[in-house]
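The structure appears right after this line, and notes come after that.
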Amino acid sequence: MLTTTLNRPLTGKVEVTTPVLTFSKRRIFGRAILRLKHHYMQREVSLYDLQTNQAADAYALVGGYRVMVDYAQAAVHFYKGEEDWGKLAGSTTVEKWSGDWLIRAVGRFFRIDYQLAEDKAIASIQRNGYLTVQAAHRIGGAVLYRRILVDHTWDYCISFRRDVGFGPSIEKAVAELRDKLKSRITVEQAEITLSLGTASRFTEPQLIAFCEANGLTPGGSYSRQHLRQAILRQRKLNCEQFRNQLNFYNVKINCK
């Protein structure tokens, strides 16, 4: 208790006792810190962004839950409800922060059966058995896909012939595909000289036979694209007799 003496001119001294309020720092600031933390963490991002940028001050929505990453405990927490934090519904441990770690955590929490598509083309786009693939649009020879985790879009994929581009948005998926196509064009236009040697595995009779079969000239230089087009005209012969040489020049054709 705290005693205070007040001097009053008519009645003399009056003693007033007031209770002393003692607070710990935790008691004074605890709720304020919790409110501040709650407000600070109200930054919604996509699931893709939550994994890629690994932001500790953000959350993502999936299947009616708020997903938050706890790096101190190496866990992913799931809060019931999308409008407010609600009650902690469960947590999933993260064994390693690499690859599709968030996809794995969400897949285990929702008990999704890990299964790749039977169609090899779709499986090559799916890449993770916790994701599902949905064809979204067709543009000429290209196909736009959407990869979905539970009920939210994970990312997009655009496929053109043998090349694919992935990205968190359609624009970024298209940009990645364009970069790959430019790189492929550069590789296809590189010149290859048909020469003898142990590296190319061409003996003189083999080189002459190869060139005669494909309308080429021994010692001549051709782009890889030109070579492939010539070789495809006699694919069976080239696969049977010159497969080793084709591998050396990195001219890939279907020999099955």
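The values are calculated or read from the model by the stated rules, or taken from the named source; none is laboratory data. Fair warning: this is a prediction, and the values are worked out from it, not measured in the lab. Cβ: placed from backbone, ideal geometry, glycine included. Neighbour counts: every protein chain shown. Heads up: the accessible areas ignore ligands, DNA and RNA and are worked out on the full protein's heavy atoms, side chains in. Shrake-Rupley method; radii C 1.70, N 1.55, O 1.52, S 1.80 Å.
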Filter result for Ile192 (buried (at least 17 other Cβ atoms within 10 Å of the Cβ), aliphatic (A, V, I, L, M), within 30 Å of Leu131 (Cβ to Cβ) and touching a helix residue (DSSP H, G or I) at 6+ places or on another chain (Cβ under 9 Å)): no
Could you grab the pairs with beta carbons closer than 7 Å, sequence gap of 6+ or different chains, first residue in the stretch 171-187 and touching a residue at least 12 places away in the same chain (Cβ under 8 Å), second one assigned to a helix (DSSP H, G or I)? Val187/Arg224
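Let's see how each residue does on (1) over 21 Å from Ala58 (Cβ atoms); (2) in contact with a strand residue (DSSP E or B) (Cβ under 6 Å, 6 or more places away or on another chain); (3) not β-branched (Val, Ile, Thr):
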residue: Val76; (1), (2), (3): no, yes, no
residue: Asp84; (1), (2), (3): no, no, yes
residue: Ser91; (1), (2), (3): no, yes, yes
residue: Trp97; (1), (2), (3): no, no, yes
residue: Arg104; (1), (2), (3): no, no, yes
residue: Gln126; (1), (2), (3): yes, yes, yes
residue: Ile148; (1), (2), (3): no, yes, no
residue: His152; (1), (2), (3): no, yes, yes
residue: Ser169; (1), (2), (3): no, no, yes
With the requirement that a residue be open to solvent by less than 50 Å² (accessible area, probe 1.4 Å) and not small (Gly, Ala, Ser), what does the stretch 208-233 give you? Phe210, Cys211, Asn214, Leu216, Tyr222, Arg224, Leu227, Arg228, Ile231
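Answer yes or no: is there a residue in the stretch 215-230 that is in a loop (DSSP other than H, G, I, E, B) and of a type in the set (Lys, Arg).
Within the stretch 215-230, none of the residues are in a loop (DSSP other than H, G, I, E, B) and of a type in the set (Lys, Arg).
Let's see how each residue does on (1) surrounded by 17 or more Cβ atoms within 10 Å (Cβ to Cβ); (2) in contact (Cβ under 8 Å) with a residue 40 or more places away in the chain:
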position	(1), (2)
Asp84	no, no
Val106	yes, yes
Tyr114	no, no
Ser124	no, yes
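With the structure loaded, tell me whether Ala60 is at pLDDT 75 or above, open to solvent by less than 90 Å² (accessible area, probe 1.4 Å) and in a strand (DSSP E or B) or whether it fails that test.
Judged against the criteria, Ala60 is a match.
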Filtering the stretch 215-256 down to residues that are within 16 Å of Phe202 (Cα to Cα), polar (S, T, N, Q) and modelled with pLDDT under 85 yields Asn244, Gln245, Asn247, Asn250
Hey, any hits in the stretch 87-98 for a residue that's surrounded by fewer than 18 Cβ atoms within 10 Å (Cβ to Cβ), among the hydrophobic types (A, V, I, L, M, F, W, C) and assigned to a strand (DSSP E or B)? yes
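Mind checking which strands (runs of 3 or more DSSP E) fall wholly inside the stretch 132-205 and carry at least 2 residues that are touching a Ser or Thr at 6+ places or on another chain (Cβ under 6 Å) and over 23 Å from Gly107 (Cβ atoms)?
Correct list: 191-193.
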Answer yes if at least one residue in the stretch 234-255 is of a type outside the set (Ser, Thr, Tyr), surrounded by fewer than 14 Cβ atoms within 10 Å (Cβ to Cβ) and touching a Gly at 6+ places or on another chain (Cβ under 8 Å), and no otherwise. no
Of all residues in the stretch 177-189 being charged (D, E, K, R) and at pLDDT below 80, the one that is least open to solvent (accessible area, probe 1.4 Å): Glu188
Residues of the stretch 71-82 being closer than 20 Å to Leu149 by Cβ and either open to solvent by 30 Å² or more (accessible area, probe 1.4 Å) or touching a residue at least 40 places away in the same chain (Cβ under 8 Å) (or both), in sequence order, are Tyr79, Lys80, Glu82
I need every pair where a residue in the stretch 206-222 that is without any contact (Cβ under 8 Å) to a residue 12 or more places away in the chain and over 15 Å from Ile192 (Cα atoms) has its Cβ under 9 Å from the Cβ of a residue that is part of a loop (DSSP other than H, G, I, E, B) and open to solvent by 40 Å² or more (accessible area, probe 1.4 Å), sequence separation at least 6 or different chains. Ile208/Pro218
